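Student: My structure is below; once you've seen it, I'll send some questions.
The values are calculated or read from the model by the stated rules, or taken from the named source; none is laboratory data. Please read all numbers here as calculations on a predicted model, not as lab measurements. Note that each Cβ is placed from the backbone with ideal geometry, even for glycine, and that neighbours are counted across all protein chains shown.
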Amino acid sequence: MARLLIEHRVADYDRWVQAFDSDLRGDGSDGDSFRRQLGVRTYRVMRGVDDPDLVLIDLEYDSREQAQAHLETMRGIWGQIDGTVIFGPQGRVVETTREREL
């Protein structure tokens with residue numbers, strides 16, 4: 001399994017959530033449909049406990065190639081919204097090397 005980890009700041013979390021859930025491509029599909037088409041299996045959205053303007057997103061894929069392609073797509077989107085809805089977006093593709101439930 002591969003993951004795309006995204007981190008950025010937001011000025012207004014509620015406004016950001018609307019954008020995250022919305023039609024990002026203008027074709028009538030919602031955010032989850034968009035992510036599903038890019039190969040996302042599951043995702044988690046998290047906020048900093050001591051810094052609620054910090055948003056972290058953890059997306060899971062079957063392959064590293066899917067995660068990398070999604071990151072490239074997001075870099076294009078970030079270029080259009082950085083400084084308005086989000087600030088300082090960063091993303092990296094990682095692979096799980098060890099996992100254990102305790």
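Student: Please indicate, with yes or no, whether at least one residue in region 10-19 is surrounded by 12 or more Cβ atoms within 10 Å (Cβ to Cβ), among the basic types (Lys, Arg) and under 22 Å from residue 94 (Cα atoms).
Tutor: No, every residue in region 10-19 fails to be surrounded by 12 or more Cβ atoms within 10 Å (Cβ to Cβ), among the basic types (Lys, Arg) and under 22 Å from residue 94 (Cα atoms).
Okay, residues lined up against (1) out of contact with any strand residue (DSSP E or B) (no Cβ under 9 Å at 6 or more places or on another chain); (2) of a type in the set (D, E, K, R); (3) at pLDDT 95 or above; (4) closer than 14 Å to residue 9 by Cβ:
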position	(1), (2), (3), (4)
43	no, no, yes, no
56	no, no, yes, yes
66	no, no, yes, no
76	yes, no, no, no
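Student: While we're on this one: Only one of these conditions is not met by residue 51: (1) out of contact with any strand residue (DSSP E or B) (no Cβ under 7 Å at 6 or more places or on another chain); (2) surrounded by 10 or more Cβ atoms within 10 Å (Cβ to Cβ); (3) without any contact (Cβ under 8 Å) to a residue 60 or more places away in the chain; (4) not aliphatic (A, V, I, L, M). Which number is it?
Tutor: Single failed check for residue 51: (2).
Student: Among the residues in region 85-93, are any out of contact with any strand residue (DSSP E or B) (no Cβ under 8 Å at 6 or more places or on another chain), more than 21 Å from residue 2 (Cβ to Cβ), modelled with pLDDT under 95 and surrounded by 14 or more Cβ atoms within 10 Å (Cβ to Cβ)?
Tutor: Within region 85-93, none of the residues are out of contact with any strand residue (DSSP E or B) (no Cβ under 8 Å at 6 or more places or on another chain), more than 21 Å from residue 2 (Cβ to Cβ), modelled with pLDDT under 95 and surrounded by 14 or more Cβ atoms within 10 Å (Cβ to Cβ).
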